Amino acid sequence: MPHSSSDERQITALFSEKLNVQVPSVETDLIDSGLVDSLTFVEFLAQLEKEFGIQVSLEDLEIEHFRTISRIASFIASKSRRDARLSLRE
């Protein structure tokens, strides 16, 4: 299922406003481009959890999910659907 462009805009704003990182495109590789280092990534995860109301577990930390804003938006959509299904089972 595709993610929404509003999620991409929200993630782009998070990078810009909270982390002072200007990402040129939603397809820019954040890691290979050097825009995100390990410290920035940890801070980003904390902001992502707060902003989207999700919890990123160790099992979720697949680097491919976090390479681009587009992939992050897809991860959030998938995580939100999975969390919703789990809470329905409880």
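When both residues are 6+ apart or on different chains and their Cβ atoms are under 6 Å apart, which pairs have a first residue that lies in segment 64-90 and is more than 10 Å from GLU8 (Cα to Cα), and a second that is surrounded by 14 or more Cβ atoms within 10 Å (Cβ to Cβ) and at pLDDT below 85?
What qualifies is ALA77/HIS3.
Considering only segment 10-27, state which residues are exposed (fewer than 15 other Cβ atoms within 10 Å of the Cβ) and either among the small types (Gly, Ala, Ser) or touching a helix residue (DSSP H, G or I) at 6+ places or on another chain (Cβ under 9 Å) (or both).
ALA13, SER16, GLN22, SER25, GLU27
Test each condition in (1) in contact with a Leu (Cβ under 8 Å, 6 or more places away or on another chain); (2) loosely packed, with under 14 Cβ neighbours inside 10 Å; (3) hydroxyl-bearing (Ser, Thr, Tyr) for SER57 and report the one that comes out false.
(1)
Please name all residue pairs, on different chains or six or more residues apart, with Cβ atoms under 8 Å, provided the first residue is in segment 1-24 and is under 20 Å from LEU39 (Cα atoms) and the second residue is modelled with pLDDT of 95 or more and small (Gly, Ala, Ser).
Filtered contacts from segment 1-24: ILE11/ALA73; GLN22/SER16; VAL23/SER16.
The values are calculated or read from the model by the stated rules, or taken from the named source; none is laboratory data. This one's a predicted model, so the numbers in the text were calculated from it and none came from an experiment. Heads up, the Cβs are rebuilt from the backbone with ideal geometry, glycines too, and the neighbour counts pull from every protein chain shown.
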